[in-house]
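The values are calculated or read from the model by the stated rules, or taken from the named source; none is laboratory data. These numbers were taken from a predicted model, which means no experiment stands behind them. Glycine gets a Cβ as well: all are built from the backbone with ideal geometry, and neighbour counts include every protein chain shown. Calculation scope for accessible area: heavy atoms of the full protein, side chains included, ligands and nucleic acids excluded. Shrake-Rupley method; radii C 1.70, N 1.55, O 1.52, S 1.80 Å.
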Amino acid sequence: MKKFFTSAKTNWFYISLLLFTFSLPLSEFMVSVSAGLVFLSATIEDSFKNKLIRLKERKVLLLLPAVFILYLISAIFTKDLNTALYDIKKALFFLMLPLGFLIGKNISSGQKQKLLIVFVCSVLISGIYSFLNWIIDPTITSLYAAGLISHIRFSFQLILAIGIVLFALYYNYSILKKLVFPVAFISILLFIFLFFQESLTGIIAFGFSVFILALVIIFNSSGKRKLLFSIYLFVFLLIPVGYVVTVIYQFYDFEKIDQNNLPVKTARGNFYEHNLNSKWVENGHYVYLFVCDIEIREEWNKISEIKFDSLDHNGYSIGATLKRYLTSMGVTKDAEGVAMLSKTDIANIEHGMSNYLFHKKKYSLFPRIYTTIWEYHIYTNTGYANNQSFAQRIEFLKAAKQIVSENFWFGVGTGNWKKAFSESFKKNSQLSQQYYASSHNQYFNYLVKFGFIGFILIMFFLVYPIISTKRYNDLLFILFLAFIFISNFSDSNFESHMGSSFFIFFYCLFAFTDGVNYLIITPTFNNKIQPS
């Protein structure tokens, strides 16, 4: 048995990494299992002498487990042991994966290349499954709801996969030029998956990371090449910014209302209700004008199995969704308006769709951008944030800022953050208790839990190894770091299961394995396992 695990001809650590890489886009459970195998194989494989040599060579990697130790130390002062243990459990990847890379057998450039290929293939499999699931199942109204893992975390994996494919094509064009169309097709397919995830966090992170990467390339270029990349960058920025500005302009193009000449009765003789104080709008029309509850309740109950006073598939009142949907169509909320609904419209409302354009523009970013603008408009005019992703994040950040201001140097400690946020929401927010959460900003989360001193320590633990190993020259690594650190402004990625596992794994893979020409494909494809 000892010979089995110490043989120079095998590398069980590398095999466990292959399993982990393949699992990332597919299964949270398999990620946990394979992470355990990564740590186990690194621990029991090879001689203690070789482990000690690698430990001395990679000792800077010990800074990453220091993040986990910080959670443990902070937990000593917790008042909520269950929450503290939950936080510690989520931080386990900061311990297990770095220790695995610290003492595990060497990974060659060829093996690193194969890990990236396996990852891209797995991302493709996950994306195709999600896309087919979305198309086949009519109850799934968005691609992000059809995925195998969190759509935000999957969007990060898609960004990295796109980067891997494009960099491989760039560095190996002479070899892959006959395959340029299949390779380009794969990258386009990955981008389509990213686009339809409707994760603004992922898309913004992708945009900023490409922007940063383009600046690096422009800075290191000259002549026509610099001019060409500058033009590409300008167009890359102009198109999405122009589209968002157009959607914003259209949203705020409100209809003009003559309050003195609003109709009093419907065609059937029932009274309209006109709430002139309401700021709720859809496609420029006011939701609470031209409303006759008696008629729309009666007519809707005739055409749908889900009754007017029931909940749609998103948990909202069917009545409220129906009013917004009719408003988006620009029709009155009465019997005549309901009569204009098609079978598709009825199904859309039952599934919680509040705007007819969301179905019409299903294959675009319009629904996600519009929803964000709508949430901001409602929040700034009414203070309403419940069950509104963007508006809730504003409330979360407000609470986090208040907590940090009162616990600036050392924070509230691991496990105590939940109580601190709850108290802040009760004092300063209209948010319902069921929506209480942390800041959804990784940097503010660290400030809340560990204070300014703990935050600086964690940033040092994460940044110094990059500087020490000089891997900042690896453009793929820079792309990875750029979109992760940017996305941390809108989500606590290092404190989620799939976010932390993804980040720590690729951080270690890029920074602490053989980084020489791992994106270069040799004509013979002769990448043998290197003995440690």
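Give me the angle, in degrees from 0 to 90, between the Cα long axis of helix 200-219 and the longest principal axis of the Cα atoms of the chain, rounded to the nearest 10. Around 50 degrees separate the two axes. Using the alpha-carbon atoms, what tilt in degrees (0 to 90, nearest 10) does helix 497-512 show relative to the longest principal axis of the chain? Between helix and principal axis, roughly 30 degrees. Among the listed pairs K401/K426; K256/K302; K49/K114; K90/K114; K90/K112, those whose Cα-Cα separation exceeds 24 Å are K256/K302; K49/K114; K90/K114; K90/K112. Normalising the average separation of contacting C-alpha pairs (under 8 angstrom, six or more residues apart) by the number of residues puts the relative contact order of the chain at 22 percent. Please report the carbon-and-sulfur percent of the accessible area for the chain; probe 1.4 Å, protein heavy atoms only, DNA, RNA and ligands left out. Roughly 66 percent of what the probe reaches on the chain is carbon or sulfur. Approximating the spin labels as points 7 Å out from Cα along Cα→Cβ, the K265-to-N277 distance works out to 2.8 nm.
Let me check I've understood the local charge: for R153, count other residues with C-beta under 10 angstrom from its C-beta, Lys and Arg +1, Asp and Glu -1. What total comes out?
Numbers: positive: none; negative: E28, D491.
Summing Lys/Arg as +1 and Asp/Glu as -1 gives -2.
Taking θ as phi - 60° and the Karplus parameters 6.51, -1.76 and 1.60, the scalar couplings of the stretch 98-104 work out to x, 5, x, 5, 5, 10, x Hz in sequence order, x denoting glycine and proline.
Is the stretch 256-304 best put as rounded, prolate or oblate by its Cα gyration tensor, with a ≥ b ≥ c the root eigenvalues, rounded for a/c under 1.5, and otherwise prolate when a/b is larger than b/c, oblate when not? Please report the intermediate quantities before stating the final value.
Values: a/c = 2.64, a/b = 1.43, b/c = 1.85.
Note, shape of the stretch 256-304 comes out oblate.
With a ≥ b ≥ c taken as the square roots of the eigenvalues of the C-alpha gyration tensor of the stretch 186-280, please select rounded if a/c is under 1.5 and otherwise prolate if a/b is larger than b/c or oblate if it is not? The shape class here is prolate.
Residues in the chain average 48 Å² of solvent-accessible surface per residue, probe 1.4 Å, ligands and nucleic acids excluded.
Taken as Cα centroids, the stretch 463-487 and the stretch 264-334 sit 52 Å apart, rounded to the nearest whole angstrom.
Per-residue ellipticity at 222 nm, computed for the chain from helices alone with -39500 (n - 2.57) per DSSP H run of at least four residues, works out to -21000 deg cm²/dmol. Using the alpha-carbon atoms, what tilt in degrees (0 to 90, nearest 10) does helix 318-329 show relative to the longest principal axis of the chain? So the helix axis and the longest Cα principal axis differ by about 80 degrees.
How would the stretch 435-488 be classified by its alpha-carbon gyration tensor: rounded, prolate or oblate, with rounded meaning a/c under 1.5 and the a/b versus b/c comparison settling the rest?
Working: a/c = 5.37, a/b = 1.64, b/c = 3.28.
Here the stretch 435-488 falls in the oblate category.
So how strong a dipole does the chain carry about its Cα centre when Lys and Arg Cβ are +1 and Asp and Glu Cβ are -1, to the nearest 20 debye? Before the final figure, lay out each step's value.
On the way: 47 positive and 32 negative charges, 511 e Å.
The calculation lands at about 2460 debye.
Could you order the peptides 75-85, 10-20, 242-252 from most to least packed, using the average number of other C-beta atoms within 10 Å per residue? List each step's numbers first, then the result.
Values: 75-85: 15.1, 10-20: 21.3, 242-252: 13.0.
Top to bottom by mean Cβ count within 10 Å: 10-20, 75-85, 242-252.
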